[in-house]
Amino acid sequence: MRRLVTLVLGMALVFGFVLSGVSGLPGARAAGQPSQWLFFPFVPNGSSIGDTGPWYGSVTVQNLEAEPVTLRFATTAAPGSGGFSVTLQGLGS
């Protein structure tokens with residue numbers, strides 16, 4: 001009797017696995033087009049938060065590719081005003 005229960009449970013597990021499609025899932029795919037935008041939600045620059053501060057933040061970017069990358073920093077509070085650009089050389093930070 002115990003052997004029959006074990007056999008039925010084993011078959012149920014195998015059957016569930018096959019029906020779930022897990023065995024037929026493809027592997028990871030390469031991204032078709034790299035992203036052109038990266039948004040940082042908040043990087044303080046002399047900001048006071050509550051009764052504390054001023055707080056200062058930084059953004060560190062590393063270019064892992066051989067080609068140069070141009071970075072443009074701007075505020076989302078007033079798009080198009082101010083900001084600056086930096087070009088990272090290949091394999092630089």
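The values are calculated or read from the model by the stated rules, or taken from the named source; none is laboratory data. Keep in mind that this is a model prediction, so the values were computed, not measured. Neighbour counts are summed over all protein chains in view; Cβ atoms, including those assigned to glycine, are modelled from backbone coordinates with ideal geometry.
Just a few scattered comments:
- For region 1-40, the set of residues classified as in a helix (DSSP H, G or I), at pLDDT below 60 and of a type outside the set (Ser, Thr, Tyr) consists of Val22, Gly24, listed by residue number.
- A search for C-beta distances below 6 Å between a residue of region 72-93 that is hydrophobic (A, V, I, L, M, F, W, C) and any residue that is assigned to a loop (DSSP other than H, G, I, E, B), counting only pairs 6+ apart in sequence or on different chains, returns Phe73/Gly83; Ala74/Gly83; Leu88/Asn63.
- Taking residues in region 44-55 that are assigned to a strand (DSSP E or B), and partners anywhere that are of a type in the set (A, V, I, L, M), the pairs with Cβ atoms closer than 8 Å and at least 6 places apart or on different chains are Trp55/Ile49.
- For region 65-93, taking the residues that are over 18 Å from Val43 (Cα atoms) and of a type in the set (A, V, I, L, M, F, W, C), the one that is surrounded by the fewest Cβ atoms within 10 Å (Cβ to Cβ) is identified as Ala66.
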